[in-house]
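Okay, structure first, notes after.
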Amino acid sequence: MTDHTTARNLLAAAGVLALAAACSTTTPQEEGSGAQEPERGHAHADDLTVSGAWMPEPANPEVGALYLEIDNTEGEDDALTGVSTSASETAELHTTEDSDGGSPRMEEVEEVPVPAGEHVELTSGGYHVMVVDITDPLTEGDEFTADLTFDSGTELELTVPVEAMADHGDGHGAEHDGEHGDH
Ligand SMILES: [Cu+2]
């Protein structure tokens with residue numbers, strides 16, 4: 001039955017064509033992928049790498065916390081000893097201490113240790129950089145420059161994006177409202 005076989009082959013071929021057509025119409029569209037996360041600040045010099053630098057949009061317009069991560073791949077201990085930014089005249093190194101039964105309290109420190117071979121995170125609830133007396137309020141989408149100085153003499157410059165606090169929900173800005181209220 002030649003006719004029957006031919007008909008079946010035609011049907012099969014039609015099926016393949018239909019599949020191919022279906023595939024070509026489901027090609028992902030590029031639109032909508034333009035809203036990228038801002039790239040967080042990073043820099044590398046000598047054996048120090050800083051990455052993930054960002055600031056949550058400050059709740060108090062004069063005070064913002066700068067978070068970042070530092071990797072020390074050298075065989076010697078180092079320490080972050082100073083920070084200056086384009087956002088204000090003053091930036092402090094802070095640590096967060098548990099106070100007796102109260103909310104965490106922030107204290108200024110001379111340096112943030114970056115021991116040999118260690119990965120150090122400056123983040124909410126721990127060490128962080130406090131940018132105080134911000135001249136022009138920083139809002140989501142803004143950027144500023146931060147210069148970091150280390151005990152070893154290494155200096156790193158990075159660009160820090162300001163991101164929405166709501167995305168991260170750590171409430172750190174509220175803590176700082178109280179802490180730095182009388183500046
Ligand atoms: Cu602080």
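Please say if segment 75-138 is rounded, prolate or oblate, where rounded means a/c under 1.5 for a ≥ b ≥ c the square roots of the C-alpha gyration tensor eigenvalues, and otherwise the choice is prolate for a/b larger than b/c and oblate otherwise?
Since a/c reaches 1.5 but b/c is at least a/b, the shape of segment 75-138 is classed as oblate.
So for segment 41-179, averaging the separation of alpha carbon pairs under 8 Å that are six or more residues apart and normalising by length, what relative contact order in percent results? Could you put the intermediate results ahead of the total?
On the way: 351 pairs, mean separation 45.9, N = 139.
Averaging sequence separation for qualifying contacts and normalising by length gives 33 percent for segment 41-179.
I'd like to compare 47-53, 151-157: which one has the highest average count of other Cβ atoms within 10 Å, and what's the full order after that? Write down the numbers at each step before the final one.
On the way: 47-53: 18.7, 151-157: 15.7.
With the highest mean Cβ count within 10 Å placed first, the list reads 47-53, 151-157.
Note down, for segment 41-179, the three equivalent ellipsoid semi-axes (square root of 5 times each alpha carbon gyration tensor eigenvalue), biggest first, whole angstrom.
Details: eigenvalues 110, 64, 33 Å².
Taking √(5λ) for each Cα gyration eigenvalue gives 23, 18, 13 Å.
The numbers here are math on the coordinates, done by the rules we state, and not lab data. Computed from a predicted structure; not experimentally measured. Cβ: placed from backbone, ideal geometry, glycine included. Neighbour counts: every protein chain shown.
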